[in-house]
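The values are calculated or read from the model by the stated rules, or taken from the named source; none is laboratory data. Keep in mind the model is a prediction, meaning the values are calculated, not measured. Please note: Cβ atoms are built from the backbone with ideal geometry, for glycine as well, and neighbour counts cover all protein chains shown.
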Amino acid sequence: MITGFFTQIPERLLATAVRHMPAERSEWGAAMLAELAQLRHPVTRWQFALSCVRVALFPPHRGGLLMNERRKYWFANFGVAAFFGLLMMGIAAFLVFLDTPETPPGKTLISLLVFGGNWLIFTLILTPIVSGLRADEPVVMKHLLIPFGAAVLFGLLLIAPFAFMEYWNNPRIQSGEFRFPFMLFYALWLSPTVFFLAATPIVRRLRAGESILAHPLPLLLRVALLAFLAIGWITLLGDQMPCFLGGVPGCD
Amino acid sequence: MQRNRPPSEQTITILLALAEDPTTWRHGYDLCQQTELKAGTMYPILIRLADRGLLETTWESEIPVGRPPRHLYRLTEAGLELASELGEQKAIAAKAKRIRLRPRTEGA
């Protein structure tokens, strides 16, 4: 009886993993279970079951790349993310220069290090987002530039009313006594832009009628990033709202 | 959206194994044994091939007592075309390699 119980473990293990497969792949789960039922040798059964458990837990995306290609193209995704990261960090550096053109030369090295560090962090955040976008679309820049362009526009439209309020309600900016807070609006623009990009693959899958719960861990990380961005943006906006409304003297 | 990228070595191995006898339906574990690939490598490739319309799948019609029906695989027309194309490329590459490795004869 004990022997019978132990020989059933590979089947139970695989059956548990197969239960979590998305509906579109359930046929393949049943296929692996049926194949396991054919095997008699205990070692072979364990090897086959464990190998299949990996497939059941991480089944390939529909329309995605072959597994070996997926690994290979991570570097390409990193490169694309680094390019867009550089663009966005370049804008930030330019806005810092506009805000503080009289920066002492001694601070340049520190600024470069901060710039490099931010670029790396931003690239690491963008890499899975780019991977998600590329997994749904053919690998051409055009199909990456469209979501990036839409995200940039979304961010700009979202901050436009506040930028207008900041200028309209602040006579010191109008008179040229104070500079327009470019860095603040860059930060306010960046969060919704990244939010839009991170949410796009989820929206696409939902619109295509696919299950977004097929890969729970990447989804969890993505949702955590979205929540972080949304909370950060709302907090910053809430903090600066009195200044936009013009009711607080000496806003910083 | 499907993409045109060169298939991996493992994908080529599976395609060529299936192309050996294109009319016969094959089982997953038989393919594992023939190609010496682990199930964890082979099934995702089979899934992808089926997604791309290169692999035909069906279930066993005659179910023996005491075990579930097995999933069967064979190449579609498109799969067979791709396999023969890849097989030719592989043969040309192997021939070129043999020529490169052949020791030079005296005076040649």
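Worth pointing out:
- Any hit, the range A:182-189, residues being in contact with a Ser or Thr (Cβ under 8 Å, 6 or more places away or on another chain), modelled with pLDDT under 90 and closer than 30 Å to A:Phe115 by Cβ: no
- Where a residue in the range A:224-247 is free of Cβ contacts under 8 Å to residues at least 40 places away in the same chain and its partner, wherever it lies, is loosely packed, with under 14 Cβ neighbours inside 10 Å and among the β-branched types (Val, Ile, Thr), with Cβ under 6 Å and at least six apart: A:Pro242/A:Val248
- Boolean, B:Thr11 is touching a helix residue (DSSP H, G or I) at 6+ places or on another chain (Cβ under 8 Å), at the interface with chain A (Cβ under 8 Å from one of its Cβ atoms) and of a type outside the set (A, V, I, L, M): yes
- Matching option when the condition is at pLDDT below 80, farther than 23 Å from A:Arg204 by Cα, hydrophobic (A, V, I, L, M, F, W, C) and assigned to a helix (DSSP H, G or I), among A:Phe164, A:Phe115: A:Phe115
- Any chance B:Glu60 is touching a Ser or Thr at 6+ places or on another chain (Cβ under 6 Å) and within 14 Å of chain A (Cβ to nearest Cβ): no
- Pairs with Cβ under 6 Å, 6+ apart, first in the range A:9-25 and without any contact (Cβ under 8 Å) to a residue 60 or more places away in the chain, second of a type in the set (Lys, Arg): A:Pro10/A:Arg45
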